[in-house]
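J.: For reference, the structure I am asking about is given below.
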Amino acid sequence: MREEQDPVVWQWKTLAKEIEAAEHTPYGTLTLAAPDGRHEIVPGTSMTFQAVRPGERTTPHAHSWWHLYFVRSGAGSVIFDDTLETAELSEGDIMLIPAWAMHHFENQAGEKDLLLLNMSNLPQLAGLHINFSEERA
C-alpha cells in the first residue's frame with residue numbers, strides 16, 4: 001500500500017517571523033512540520049532552521065545523526081573541535097557534518113544572524129532508539 005503525503009509550502013515571510021520570535025538553541029530554532037505536526041518531512045529526515053546571533057556561539061557537540069547544512073543568510077564559522085579545523089561560512093554555502101563529528105558554530109564578526117537550514121536523519125535514528133549525543137563545555 002502506498003502512503004500518500006500532501007505537498008507543503010512554507011512561506012518565507014511566515015518562517016522569518018517565527019524564527020525571529022523563537023528561542024535560539026544550539027540544536028535549532030524552528031523545525032519544519034508537516035500538516036499533521038510530524039517533524040519527519042521526508043521519510044527518516046527532518047529540516048530545522050538554526051540561528052546563531054551576532055557575537056554568540058553554540059556549544060561544542062556531537063551526535064549519532066548527520067546534518068546537511070545550507071547557509072540561508074549571514075556569515076560565521078563552523079569549528080570541528082576534534083581537529084580544530086575551521087571553515088568560514090557565508091550565504092549559499094553547503095556543508096555536511098557526518099555523525100559523531102564534534103562541532104560548533106560561531107557568529108563573531110557578523111552583524112546579523114547566521115541562519116542555517118539543516119536536514120538530518122534524526123527522525124530515523126530516533127525511531128530506531130539510537131539517537132545519542134554528547135556536549136563539551
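J.: Would you confirm whether or not the stretch 40-54 contains a residue that is surrounded by fewer than 17 Cβ atoms within 10 Å (Cβ to Cβ) and of a type in the set (Lys, Arg)?
T.: Yes - at least one qualifying residue is present in the stretch 40-54.
J.: I've got another one for you. Which residues, taken from the stretch 11-46, are over 24 Å from His104 (Cβ atoms), under 16 Å from the mean Cα position of the chain (by Cα) and either of a type in the set (Lys, Arg) or part of a loop (DSSP other than H, G, I, E, B) (or both)?
T.: Ala33, Glu40, Ile41, Gly44
J.: Right, next: Out of all the residues in the stretch 1-22, which are of a type outside the set (A, V, I, L, M) and either closer than 18 Å to Ser73 by Cα or touching a Lys or Arg at 6+ places or on another chain (Cβ under 6 Å) (or both)?
T.: The answer is Trp10, Gln11, Trp12, Lys13, Thr14, Lys17, Glu18, Glu20.
J.: On the basis of being closer than 18 Å to Arg53 by Cα, among the β-branched types (Val, Ile, Thr) and in contact (Cβ under 8 Å) with a residue 24 or more places away in the chain, does Ile79 make the cut?
T.: yes
J.: Within the stretch 74-84, does at least one residue satisfy the condition of being assigned to a strand (DSSP E or B) and surrounded by fewer than 17 Cβ atoms within 10 Å (Cβ to Cβ)?
T.: The answer is yes, given that some residue of the stretch 74-84 is assigned to a strand (DSSP E or B) and surrounded by fewer than 17 Cβ atoms within 10 Å (Cβ to Cβ).
A short reminder: the numbers here are calculations on the coordinates, not readings from a lab. Bear in mind that the values here come from a model prediction, so they are computed numbers and not experimental data. Every residue, glycine as well, gets a Cβ built from its backbone with ideal geometry; the counts of neighbours run over all protein chains shown.
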